[in-house]
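Peer 1: Structure below; questions to follow.
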Amino acid sequence: MKGFKKTYLIFFFTVPTIIEGCVEPFNAETQGFENALVIDAKLTDEFKRHQIELSRARPFEQDTIIAEMNATVTIIEDANNFYDFHEVEQGQYISVNEFDAKQNSSYELRITTSDGKSYSSEAVTTPEKIVIDNLYVEEETNNLGEEGISILLDSRSITSGASYFRYEYEETYKIIAPYWNPFDFDVIDDKGVGEDGDYFEVGLKPKEREERVCYNTAFSMAINQTATNGLEDNKLERHSIRFINKNNYIISHRYSILVRQHAQNPDAFSYYQSLNAFSSSENVFFENQPGFLLGNISSESSSDEKILGFFEVTAVTSKRIYFNYKDLFPTEPLPPYYINCEPVQEPLLWLPTADTHSFDGAGRSPLIEAIQAGLIKYYATNPDYVETFSIDDLSESTRGPYFAKATACGDCNVLGSNIKPDFWIE
Amino acid sequence: MRNTIFVFLLLFVNNFLLAQESPPKISLTYTDFTIKDVFKSIEDSTDYTFYYVDEWLGDKKVSGSYQDADLNEILGDLFESTILNFYVLDNEKVVLTQNNIIYDELPTGFFVKSNQEQIQVTEELEDNGSQNPVFVSDERLPRQRNVETVRIGKETLEGQKRRYILSGYVRNAKTGRPIPDLSLIIRNRKVGTVTDENGFYEISVPVGENLFETKALGIESQQKRVLIYNDGQLDFTLNESIEQLDEVVVEADKTKNVEEEITGSTTIESEETKDIPMVLGERNILSVATQLPGITNAGEGASGINVRGGKTDQNLFLLDEGVVYNPTHFFGIFQALNPFATKGVDIYKGNVPAEYGGRLSSVFDITTIDGNTEKFSGEASIGPVTGNLMLEIPIVKDKSSLVIGGRGAYSDWILRSLDEESLSNSSASFYDVVANYTHKINENNQIKATGYYSDDSFSITSDSLFGYNNRMLSVNWNHKFNEKNSGALAVSNSKYAFDIGFDGQANNDFLLGYSVEETEAKLKFKYVMNDTHTFDYGVAAKLYNVNPGFIRPTGSESIISPFEVPEDRALEGAIYLSDNITLGDKVGLSAGIRYSYYTALGPSTQRVYTDGQPRNQATLIGSSEFDDNETVETYGGPEFRVSGRYSFTPDFSLKAGFNSMYQYIHTLSNTTTVSPIDTWKLSDSNIRPQRSNQFSLGLFKNFKDDLYELSVEGYYKTAEDVLDFKTGAQLLLNENIEQEVLQGEGQAYGVEFLLRKNSGKLNGWLGYTYSRSLIKFASDFTEERINGGEFFPSNYDKPHDVSLVANYKFTTRYSASLNFSYQTGRPVTYPIGQYNFNNSEYVFYSNRNEFRIPDYYRLDIGINIEGNHRIKKFAHSFWNISVYNVLGRANPYSVFFVSEGGEVKAFKSSIFSIPIPSITYNFKF
């Protein structure tokens, strides 16, 4: 038990225990802002160009990231191999050469910012690589009583010591627009009589791009961690990567998830764990005492300077799975679409302005405005439409030429991309 | 008026002067005679004639044998154990007197009464044992009707004193229970005393006639003319008065606040808290305590009390001498004490009597009631949260009685009453039971045994169940050796435990638990040496067994491997001596010393770290093993408890005190307020005990015959080796806990004002406190430093604190009460900015507790309706209707920041943000 680390199995507290007495959101105002360098540096054992992001902390009032530019970034392997990084985008530094973190080697991050301050990390060794045994999906009811599916993972540490893991996922799902139509509106004349002496005109044309089937990819944002200490034989089973409610449209058709298992060092594990604890919904009755989280990077000039972030070296394995909703819930209807597609819209082609008696047909076109604003997609042609550009013929019962649906109902590009990812397997 | 005395006396003197001739010798033998028969025998064989009242003699049987004895010798033996005196007149008439002695010469200086100086000389002589006859004159005191006259003691010619000791018990005529805190006043002497918890009093009374009057809340006043001839005993049996329903909220002994030597002590009677509106109508003496200056908590829903800037683990809660680790239910919102079975609490926040030790900030000495020994009775209540029943069952009439109390929450709906959707999956319930048995073996021996158990369980998500419980058993034996010496033996055992059961979807179900158990034996003695010195001394020993945590799998599927942090054991001992010194009416001094000694015991593995380095995995250089009962580490030292009083006038005094303490057991908590899963950790080779010193100074003044009490107290307190933790510390199941612990300094100071009115139609108190509580964790190493090693405010540093508790009695049946509190918002650690990391936004924190949440204020109101007072009625009922937080103020309790969906969201929480009405029905039978 000597090697027993302080980070003993506390994962059950990070189970989303949301008890909120009388909790209201409020707009946080910055009080006593302190500037600080943020270092997001993750080195893995994958052979690739690694990326390091440098930015600055910012007040709550500021939404956009402040990039830290023109810094010199280097990773030193075993105190003698230098891997230089260069800035490819503002604040994004990529290694000049491809390399990987090797077992039994140690790595140190060195940064010199444009104002001449130097920072260095502790030397970090690469943890042992541990493969994912199994990644699978199961129907489950979560602890809030919601029905859905859980993506679960089994893994086994081959060493005698405990292993610490952090998980990231990348989920890709197929989207099918429920009211897709091969035809699109074709705005032939978007100017009324008042402007060009001609009436508004909207026709139809075949769609020019794929709008029925799309794919969207999203990345995990929450911190998901677990450790095998306290588990029999260091064997991890049924670790929950993600729970998706049965009625979430993302699993309507085909869904794929790529899970990356980062074997972490205990220090990194505990850093992420505290970061997560300080930023999770908490129990109203007992609040974790927050404070500044000391990472593994320090300033060479001033030991008191606060540096946010961590230099993490991990050994990564990944696994991807696919599943179809129909296979999991063969008898159930599909989950509702992202938006409600029931309402049928029927915008008028022409709506006169008040004093256009002398110029019938002058005014505006709600239909063309909606098309041009990207709000609607063609659904069907109105058989009862009677063309009218005379104010005298206009009445309560005047109809529009076409039936339309909200754009997302007829064009999946609103929710994803029509380009099928390379890895996608049907 | 003096003239009548002279006449009365001279009558005798004339005759006595003739009475000095040699008396005849008598030979006499008698067995099992009444005194009257003995007189007859003497009358038959001599010329003596006895003059007496038959009733004086009684039926007592006597035996004796005399040969040529003097009459004086025979009668002296005969009357030895009675209050009779005799005088032989003219060698043949034997005059018996009750109490009085018949003088045959005048006391020295009898005829120089006109000379003031001479009189003073005389009185001094009297102190040295000269004759000091007791004369009673009808004119001396106004005769009052229905005042019974009692004669105490037998006057003797030898060893006469100016004052005698009168003692006795005061009991309730109806219940037979002792009446504590009853004032006994000698009206014509302007002195008085107060009964102790056993209804016992002892007072030094001038010889002669004394008009005693008893005064206590809810007890009918009684007057007695007491003629004092010698030391003696006088018991009072008093009736309850209609005024029992007086709404006095907090009652200290009438002049206790001015007269007591120690500073910073308060008494709260449970019964008196019944009118103070409390959340959901639950009586709560601990919440009432927080309305008093110097006692606060971090906020609603924060278990734990902070006393004079001390941490929540620095309070010793004793229930009939046994420790209760967590005397609250449901995150501190309710007290875990049965209000009917609880008599009250004595709170020591300044000078702590030397008898107590082991916690730095305060002692809450809670006692349960003594059961009714005469008739079966009880009390019950039905409130929105709990049902509550307490029964008093006499076992042996006038000797022993059993009290049983039980209390439980009906259901889980408290959580739902918090009006929060996310709590719909939550549940919470609790109960507590208490029982005690008191047995009065005889006048000198009394035994009280108490058992207590409380249990809480709550679940916040459907897959986890938290539970905690307290258990306490104690036996107290009070023994009176003689008039001057008494002692008590207290043996107790306490246990606090919590567990978390997890039963989720995955195969990692487990049960995690913790427990601390202690067993204590305490022997204490009191020696009343004289009017000047009263000594308290004793010895105590306590054994701790802590199970710092275990986890085991539940269900056959679970892949959790069982693990247990090895048990910690320790022995804490103490020896103490204190002397209460009264130097005249003006000066009082209480000087105490306690020497406490602590030994951490094996079996144990203690980790060793590089000296002068922060303690972490990297500086861990090894460990040392200790065998069973081997000494791991010892700590200890003297603790001084000194305080003094100077009375400018009888109702105005100045007090000062110095108090030092040691604490060997600490809570481990990484939350900003107390949580039920905080664990207690014993000091060991890596964790030192906490120590504190407190200086206090106060002015105490009573106005208008003690109707108003005003006090101003200031204190300055320092603490060493108080515990805190590194940011993000993991404390549960951590074997190397010392790697997370920081020990630093504490500093607290404040001024407390309290104005209290104890009786009348309007009563209550108004308190204001200005106080600060600061802590400091300095180190050469960044990881062991908090806020740059400078002093910073603790989580419960609330400089301004105002509380008002008022009760107005419209009639004997209707009263209204009001409770207001205002406090500066507590310090919080507020983020100083945000940043992006790992694909999400996060906030970051800098210094701890640099900001404050908005100020706290709350108003509660209540209406109390007594049932009618028909004597024959089966039960006396009492309705309490109250509204907690009438203003509906959503007092912020905490602010927190959540990273959700990659974005930071800010939230503020409050516990009771809406007015909470409740109605409680109580009845007594």
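Peer 1: Which of the residues belonging to the range B:769-791 are assigned to a helix (DSSP H, G or I) and either free of Cβ contacts under 8 Å to residues at least 40 places away in the same chain or of a type outside the set (G, A, S) (or both)?
Peer 2: Hits for the range B:769-791 are B:T782, B:E783, B:E784, B:N787, B:G789.
Peer 1: Residues of the range B:555-568 being over 19 Å from B:Q606 (Cβ atoms) and either of a type in the set (D, E) or within 44 Å of the chain's Cα centre (by Cα) (or both), which ones?
Peer 2: Narrowing the range B:555-568 to residues over 19 Å from B:Q606 (Cβ atoms): B:555-563.
Matches in the range B:555-568: B:E557, B:P562, B:F563.
Peer 1: In the range B:482-516, what count of residues is obtained for those that are away from chain A (no Cβ under 14 Å), among the charged types (D, E, K, R) and under 21 Å from B:N470 (Cα atoms)?
Peer 2: Residues meeting the conditions: 1.
Peer 1: For residues that are out of contact with any helix residue (DSSP H, G or I) (no Cβ under 8 Å at 6 or more places or on another chain), at pLDDT 90 or above and assigned to a strand (DSSP E or B), tally how many sit in the range B:645-664. Reasoning before the result, please.
Peer 2: Step one: of the range B:645-664, the residues out of contact with any helix residue (DSSP H, G or I) (no Cβ under 8 Å at 6 or more places or on another chain) are B:646, B:648-649, B:654-662, B:664.
Narrowing further to those that are at pLDDT 90 or above: B:646, B:648, B:654-662, B:664.
Imposing the further condition that a residue be assigned to a strand (DSSP E or B) reduces the set to B:646, B:648, B:654-662.
Of the residues in the range B:645-664, 11 are out of contact with any helix residue (DSSP H, G or I) (no Cβ under 8 Å at 6 or more places or on another chain), at pLDDT 90 or above and assigned to a strand (DSSP E or B).
Peer 1: Do the conditions hold for A:P336, that is, is it part of a loop (DSSP other than H, G, I, E, B), more than 14 Å from every other protein chain (Cβ to nearest Cβ) and under 26 Å from the mean Cα position of the chain (by Cα)? Give the derivation first.
Peer 2: Values: part of a loop (DSSP other than H, G, I, E, B): yes; more than 14 Å from every other protein chain (Cβ to nearest Cβ): yes; under 26 Å from the mean Cα position of the chain (by Cα): yes.
So A:P336 fits the description; yes.
Peer 1: In the range B:740-791, which residue that is within 14 Å of another protein chain (Cβ to nearest Cβ) and of a type in the set (F, W, Y) is nearest to B:N659 (Cα to Cα)?
Peer 2: B:F777
Peer 1: Mind listing whichever residues of the range A:304-315 are more than 12 Å from every other protein chain (Cβ to nearest Cβ) and in a loop (DSSP other than H, G, I, E, B)?
Peer 2: none
Peer 1: Give me a count of the residues in the range B:894-920 that are closer than 26 Å to B:G862 by Cβ and more than 7 Å from chain A (Cβ to nearest Cβ).
Peer 2: Total meeting the criteria: 8.
Peer 1: Out of all the residues in the range A:203-214, is one or more within 18 Å of the chain's Cα centre (by Cα), buried (at least 19 other Cβ atoms within 10 Å of the Cβ) and within 23 Å of A:L415 (Cβ to Cβ)? Even if it seems obvious, please write down each step before you answer.
Peer 2: Taking the range A:203-214 first, the residues within 18 Å of the chain's Cα centre (by Cα) are A:214.
Cutting the leftovers down to buried (at least 19 other Cβ atoms within 10 Å of the Cβ) gives us A:214.
Narrowing further to those that are within 23 Å of A:L415 (Cβ to Cβ): A:214.
Within the range A:203-214, one or more residues are within 18 Å of the chain's Cα centre (by Cα), buried (at least 19 other Cβ atoms within 10 Å of the Cβ) and within 23 Å of A:L415 (Cβ to Cβ).
Peer 1: From the list B:I441, B:I447, which residue is of a type in the set (A, V, I, L, M, F, W, C) and under 21 Å from the mean Cα position of the chain (by Cα)?
Peer 2: Details: B:I441 fails: under 21 Å from the mean Cα position of the chain (by Cα).
When all the criteria are applied, what remains is B:I447.
Peer 1: Could you grab me the full set of residues in the range B:453-481 that are away from chain A (no Cβ under 14 Å) and within 20 Å of B:W680 (Cα to Cα)? Outline the logic, then answer.
Peer 2: As a first pass, look at the range B:453-481 and keep what is away from chain A (no Cβ under 14 Å): B:453-455, B:457, B:467, B:469-481.
Of everything in the range B:453-481, those that are away from chain A (no Cβ under 14 Å) and within 20 Å of B:W680 (Cα to Cα) turn out to be B:Y453, B:S454, B:D455, B:S457, B:G467, B:N469, B:N470, B:R471, B:M472, B:L473.
Peer 1: From the list B:A428, B:A409, exactly one residue is surrounded by 18 or more Cβ atoms within 10 Å (Cβ to Cβ), at pLDDT below 95 and under 29 Å from the mean Cα position of the chain (by Cα). Which is it?
Peer 2: Working: B:A428 fails: under 29 Å from the mean Cα position of the chain (by Cα).
One residue alone meets the criteria, B:A409.
Peer 1: Consider A:V23 carefully, then state whether it is in contact with a Phe, Trp or Tyr (Cβ under 6 Å, 6 or more places away or on another chain), in the same structural domain as A:I94 (by TED's automatic domain parsing), under 27 Å from B:N849 (Cα atoms) and at pLDDT 50 or above. If you could, list the steps in order and put the result at the bottom.
Peer 2: Details: in contact with a Phe, Trp or Tyr (Cβ under 6 Å, 6 or more places away or on another chain): yes; in the same structural domain as A:I94 (by TED's automatic domain parsing): no; under 27 Å from B:N849 (Cα atoms): yes; at pLDDT 50 or above: yes.
Spelling it out, it is not the case that A:V23 is in contact with a Phe, Trp or Tyr (Cβ under 6 Å, 6 or more places away or on another chain), in the same structural domain as A:I94 (by TED's automatic domain parsing), under 27 Å from B:N849 (Cα atoms) and at pLDDT 50 or above.
Peer 1: Also: Kindly provide the set of residues from the range A:210-255 that are part of a strand (DSSP E or B), among the basic types (K, R) and farther than 28 Å from A:A162 by Cβ, ordered by number. Steps first, answer last, please.
Peer 2: Step one: list which residues in the range A:210-255 are part of a strand (DSSP E or B), which gives A:213-219, A:224-227, A:231, A:235-245, A:254-255.
Those left that are additionally among the basic types (K, R): A:235, A:238, A:242, A:254.
Matches in the range A:210-255: A:R254 only.
To keep it simple, each residue is scored yes or no on (1) modelled with pLDDT of 80 or more; (2) among the β-branched types (V, I, T).
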position: B:E155; (1), (2): no, no
position: B:G159; (1), (2): no, no
position: B:R162; (1), (2): no, no
position: B:V207; (1), (2): no, yes
position: B:E220; (1), (2): no, no
position: B:K224; (1), (2): yes, no
position: B:G232; (1), (2): yes, no
position: B:I242; (1), (2): no, yes
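Peer 1: Any residue in the range B:331-346 that is modelled with pLDDT under 90 sitting within a Cβ distance under 7 Å of a residue that is of a type in the set (F, W, Y)? List the pairs, counting only those 6 or more apart or interchain.
Peer 2: B:F331/A:F285
Peer 1: If you go through the range B:665-715 one residue at a time, how many are in a loop (DSSP other than H, G, I, E, B), acidic (D, E), away from chain A (no Cβ under 14 Å) and on the phi < 0 side of the Ramachandran plot?
Peer 2: Restricting attention to the range B:665-715, the residues satisfying the condition of being in a loop (DSSP other than H, G, I, E, B) are B:669-670, B:672-673, B:675-678, B:683-689, B:704-707.
Next, from what is left, pick out any that are acidic (D, E): B:678, B:684, B:705-706.
From the residues that got through so far, the ones that are away from chain A (no Cβ under 14 Å) too are B:684, B:705-706.
Checking the rest, the ones that are also on the phi < 0 side of the Ramachandran plot come to B:684.
Of the residues in that region, 1 qualify.
Peer 1: Counting only residues that are more than 14 Å from chain A (Cβ to nearest Cβ), give me the strands (runs of 3 or more DSSP E) lying completely in the range B:792-852 with at least 2 of them. Even if it seems obvious, please write down each step before you answer.
Peer 2: Working: elements: B:800-809, B:814-823, B:831-837, B:840-845.
Of the strands (runs of 3 or more DSSP E) lying wholly inside the range B:792-852, those with at least 2 residues that are more than 14 Å from chain A (Cβ to nearest Cβ) span B:800-809, B:814-823.
Peer 1: Please verify whether the range A:255-262 includes one or more residues that are farther than 28 Å from A:V313 by Cα, out of contact with any Ser or Thr (no Cβ under 9 Å at 6 or more places or on another chain) and more than 11 Å from chain B (Cβ to nearest Cβ). So that I can check it myself, show each step before the final result.
Peer 2: Let us first name the residues in the range A:255-262 that are farther than 28 Å from A:V313 by Cα, namely A:255.
Applying the additional criterion that residues be out of contact with any Ser or Thr (no Cβ under 9 Å at 6 or more places or on another chain) yields none.
So far as the range A:255-262 goes, no, none of its residues is farther than 28 Å from A:V313 by Cα, out of contact with any Ser or Thr (no Cβ under 9 Å at 6 or more places or on another chain) and more than 11 Å from chain B (Cβ to nearest Cβ).
Peer 1: Here is a list: B:S647, B:S660, B:S653. Which entry is among the small types (G, A, S), touching a residue at least 24 places away in the same chain (Cβ under 8 Å) and surrounded by 24 or more Cβ atoms within 10 Å (Cβ to Cβ)? Let's see the steps before the verdict.
Peer 2: On the way: B:S647 fails: surrounded by 24 or more Cβ atoms within 10 Å (Cβ to Cβ); B:S660 fails: surrounded by 24 or more Cβ atoms within 10 Å (Cβ to Cβ).
It is B:S653.
Peer 1: Being small (G, A, S), more than 14 Å from every other protein chain (Cβ to nearest Cβ) and more than 22 Å from the chain's Cα centre (by Cα) narrows it down to one of A:S318, A:S301, so name that one.
Peer 2: Numbers: A:S318 fails: more than 22 Å from the chain's Cα centre (by Cα).
Among A:S318, A:S301, only A:S301 is small (G, A, S), more than 14 Å from every other protein chain (Cβ to nearest Cβ) and more than 22 Å from the chain's Cα centre (by Cα).
Peer 1: Only one of these is touching a residue at least 12 places away in the same chain (Cβ under 8 Å), polar (S, T, N, Q), surrounded by fewer than 17 Cβ atoms within 10 Å (Cβ to Cβ) and farther than 27 Å from B:G760 by Cα: B:N693, B:N670. Name it.
Peer 2: Working: B:N670 fails: surrounded by fewer than 17 Cβ atoms within 10 Å (Cβ to Cβ).
Exactly one of B:N693, B:N670 is touching a residue at least 12 places away in the same chain (Cβ under 8 Å), polar (S, T, N, Q), surrounded by fewer than 17 Cβ atoms within 10 Å (Cβ to Cβ) and farther than 27 Å from B:G760 by Cα, namely B:N693.
Peer 1: Hey, among A:G203, A:G230, A:G192, A:G197, which residue is at positive phi, away from chain B (no Cβ under 14 Å) and of a type outside the set (A, V, I, L, M, F, W, C)?
Peer 2: Numbers: A:G203 fails: at positive phi; A:G230 fails: away from chain B (no Cβ under 14 Å); A:G192 fails: at positive phi.
Only one candidate qualifies: A:G197.
Peer 1: Have a look at B:N297, B:N306 and point out the one that is closer than 25 Å to B:Q663 by Cα, at pLDDT 90 or above and touching a Ser or Thr at 6+ places or on another chain (Cβ under 7 Å).
Peer 2: None of the other options fit; the residue is B:N306.
Peer 1: Give all pairs with beta carbons closer than 6 Å in which a residue from the range A:128-144 that is on the phi > 0 side of the Ramachandran plot meets a residue that is surrounded by 14 or more Cβ atoms within 10 Å (Cβ to Cβ) and part of a strand (DSSP E or B); count only pairs at least 6 apart in sequence or on separate chains.
Peer 2: none
Peer 1: Can you list the strands (runs of 3 or more DSSP E) lying wholly within the range A:129-192 that have 2 or more residues being touching a Cys at 6+ places or on another chain (Cβ under 8 Å)?
Peer 2: Numbers: elements: A:132-141, A:147-156, A:164-176, A:183-189.
Here the list reads A:164-176.
Peer 1: Something else: As an exercise: evaluate B:L211 against (1) modelled with pLDDT of 80 or more; (2) in contact with a helix residue (DSSP H, G or I) (Cβ under 6 Å, 6 or more places away or on another chain) and give the number of the one condition it does not meet.
Peer 2: So the condition that B:L211 fails would be (2).
Peer 1: Would you confirm whether or not the range B:478-500 contains a residue that is modelled with pLDDT under 90 and either part of a strand (DSSP E or B) or buried (at least 17 other Cβ atoms within 10 Å of the Cβ) (or both)?
Peer 2: yes
Peer 1: Working carefully through the options B:T718, B:T727, find the one that is among the hydroxyl-bearing types (S, T, Y), under 17 Å from B:K776 (Cα atoms) and more than 14 Å from every other protein chain (Cβ to nearest Cβ). Write out each step before concluding.
Peer 2: Numbers: B:T727 fails: more than 14 Å from every other protein chain (Cβ to nearest Cβ).
Being among the hydroxyl-bearing types (S, T, Y), under 17 Å from B:K776 (Cα atoms) and more than 14 Å from every other protein chain (Cβ to nearest Cβ) holds for just one of B:T718, B:T727, which is B:T718.
The values are calculated or read from the model by the stated rules, or taken from the named source; none is laboratory data. All values derive from a computational prediction rather than experimental measurement. Positions of Cβ are backbone-derived with ideal geometry, glycine not excepted, and every protein chain shown enters the neighbour counts.
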